[in-house]
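*Asks:* Got a structure for you, written out below as structure tokens; questions coming shortly.
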Amino acid sequence: MTLSGRAKLAGVIGWPVEHSRSPRLHGYWLQHHQIDGAYVPLPVRSEAFERALRSLADLGFRGVNVTVPYKEAALAACDEVEESGRRLGAVNTIVMGNGQLRGFNSDGFGFIENLRRGGPGWQAKEAPAVVIGAGGAARAVVAALIDAEVPEIRVVNRTRPRADAVAKDLGGPVRVLDWPQRGRALSEAGLLVNATSLGMTGQPPLELDLADLPMTAMVNDIVYAPLETPLLARARARGNLVVDGLGMLLHQARPGFAAWFGIEPEVTAELRRFVLAD
Ligand code: NAP
């Protein structure tokens, strides 16, 4: 679609950004809704990051997504940060207007929307959840589970102090267990989430004995490349309901698109196919 002089502009800022699926995702929605706008990759070196944000605002950009390694720097650069960003210490979406930068973090929103759509029968308040991992993504997952009123969130991470820091920073009903206990942590759980990078293409699989996991538990992997990780394949084979990680990526993009382009976009099967076909 040809852009007019009034085209709405947004993009993804990071270093590198060539692997980001966000331009394809937002590009699909722009096309689908016939919006006079564009969403572009913005590779920016660290020394220029903050200056680039201000310049984009000056150029009339509606905002940006922020990806590695700038999610923490974005928090510091924003004039205003919503609770979702402050709580996680990281911003992944910035809305620009009147020279001001307003930041928030939509990863938790994307995670919980994906679970609710993928497993509509999941009763958050009924049973404990187990989260493997304690990195940036795990923080968003744990915060979203606290908000969903999950009664107990068991966090297990190879490096225990990182899990302790998640518990301390986020509060809530978080219980930290040691890495060798991860199999036993599954007993009576209603949800298991892999929030590590294990299982991703090029990474070893997550070694986790599923014997104690109830058959009623839902299993989610936030890794989406491959779509069916070894963990999801094993969980599916034993009969658990599984939800892949692509939906988290797609749903986390919705609030930014709505703020920049003025339309609430939908996550559809066609969108999933389009993003995967990349
Ligand atoms: P991160 O901050 O670097 O955290 C990585 C996590 O993986 C840590 O808990 C780390 O444990 C663990 N880990 C890595 N290698 C390990 C190994 N060999 N054995 C045990 N644990 C290991 O990364 P992140 O930003 O949280 O991202 C984690 C994954 O989530 C990535 O694959 C990313 O692509 C995916 N993700 C998906 C979405 C989505 O929308 N679906 C969104 C965000 C992230 P230690 O603390 O012990 O190092």
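The values are calculated or read from the model by the stated rules, or taken from the named source; none is laboratory data. In this text the structure is predicted, and so the values were computed from the model without any measurement. Positions of Cβ are backbone-derived with ideal geometry, glycine not excepted, and every protein chain shown enters the neighbour counts. The protein model used for the area step is the full one, side chains on, heavy atoms only, and it has no ligands, DNA or RNA in it. Shrake-Rupley method; radii C 1.70, N 1.55, O 1.52, S 1.80 Å.
*Asks:* Can you give me the convex hull volume of the Cα atoms of the chain, divided per residue and expressed in Å³?
*Replies:* Residue-normalised Cα hull volume stands at 127 Å³.
*Asks:* For the range 108-248, with every protein chain kept in place, what is the accessible area per residue (1.4 Å probe, Å²)?
*Replies:* 43
*Asks:* What accessible area per residue, rounded to a whole number of Å², is obtained for the range 1-92 using a probe radius of 1.4 Å?
*Replies:* Result: 53 Å² per residue.
*Asks:* Here is a follow-up. When the helices in the chain are scored as -39500 (n - 2.57) per DSSP H run of 4 or longer and the sum is shared across all residues, what 222 nm value do you end up with, to the nearest 500 deg cm²/dmol?
*Replies:* The per-residue figure over the chain is -10500 deg cm²/dmol.
*Asks:* Using the alpha-carbon centroid of each, what span in Å lies between the range 145-173 and the range 216-237?
*Replies:* About 21 Å separates the Cα centre of the range 145-173 from the one of the range 216-237.
*Asks:* Phe274 to Leu177: extension gain in nm, 0.36 nm per residue of separation minus the Cα-Cα distance?
*Replies:* 31.0 nm
*Asks:* Expressed as a whole percentage, what fraction of the accessible surface of the range 108-248 belongs to carbon and sulfur atoms when a 1.4 Å probe is rolled over the protein heavy atoms?
*Replies:* C and S atoms contribute 51 percent here.
*Asks:* Using only Cα atoms, find the angle between the long axis of helix 160-170 and the longest principal axis of the chain, and express it within 0 to 90 degrees, rounded to the nearest 10.
*Replies:* Its long axis makes an angle of about 60 degrees.
*Asks:* I need to check one value: relative contact order of the range 108-248, counting alpha carbon pairs closer than 8 Å and at least 6 residues apart, in percent.
*Replies:* 24 percent.
*Asks:* Ranked from the most accessible area to the least, with a 1.4 Å probe and all protein chains present, what is the order of Val68, Val267, Val166?
*Replies:* The ranking, largest first, comes out as Val68, Val267, Val166.
*Asks:* Once the piece of chain linking Arg162 and Arg24 is laid out straight, how much longer is it, given 0.36 nm per residue of separation minus the C-alpha distance between them?
*Replies:* The Arg162-Arg24 span can extend by a further 46.3 nm.
*Asks:* Convert each backbone phi in the range 244-259 into a coupling constant with the Karplus relation 6.51 cos²θ - 1.76 cosθ + 1.60 (shift: θ = phi - 60°), then list the ³J(HN,Hα) values in order as whole Hz, x for Gly and Pro.
*Replies:* 7, x, 5, x, 4, 4, 6, 6, 5, 7, 4, x, x, 4, 4, 5
*Asks:* Normalised by the number of residues in the chain, what is the relative contact order in percent for Cα pairs under 8 Å and 6+ residues apart?
*Replies:* Computed over the chain, the figure is 16 percent.
*Asks:* Can you order the peptides 132-145, 82-95 by their average number of other Cβ atoms within 10 Å per residue, highest first?
*Replies:* 132-145, 82-95
*Asks:* Can you find, among Leu170, Leu276, Phe61, the residue farthest towards the positive end of the dipole of the chain? Put +1 on the C-beta of Lys and Arg, -1 on that of Asp and Glu.
*Replies:* Leu276
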